[in-house]
Amino acid sequence: MRVPRPRVVHPRPEAWTRPAHPADIAQARLFDAVLLGEIAELEELAASMEKRWLRRCERGIDDISRPPENLARMRGRVAEAQQLLDALRDRFPTE
């Protein structure tokens, strides 16, 4: 199953050439830390879900060629959070 990717709107290049306000930079650093924690939790959940699914496949309960929808959605959430983090770091690079 394919999980649709969120639509990413890229701002005009000149919008990112303006210097960022110090408060925005500080807030971006805090949000970076929050996103890192969220990504770690989501990856842990996805790994646990995948492990359980693979055990079910070994026992013949599930089909290895068809991952569960909830696992696909969780992987999509991990990818979305990573995209947010990448965009944040593009806009507010750390020195």
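The values are calculated or read from the model by the stated rules, or taken from the named source; none is laboratory data. None of the values given here were measured: they were computed from a predicted structure. Positions of Cβ are generated from backbone atoms using ideal geometry, with glycine treated the same way; all protein chains shown enter the neighbour counts.
Looking only at segment 55-89, residues that are assigned to a helix (DSSP H, G or I) and touching a residue at least 40 places away in the same chain (Cβ under 8 Å) come to 15 in all.
Looking at this structure, is residue 46 surrounded by fewer than 13 Cβ atoms within 10 Å (Cβ to Cβ), assigned to a helix (DSSP H, G or I) and without any contact (Cβ under 8 Å) to a residue 60 or more places away in the chain? In short, no.
In segment 11-53, the qualifying residues are those that are of a type in the set (Lys, Arg) and out of contact with any Phe, Trp or Tyr (no Cβ under 8 Å at 6 or more places or on another chain), and the one that is modelled with the lowest pLDDT is 12. What are the residues in segment 16-43 that are part of a helix (DSSP H, G or I) and free of Cβ contacts under 8 Å to residues at least 12 places away in the same chain, if any? Correct list: 17, 22, 23, 26, 27, 30, 33, 34, 37, 40, 41.
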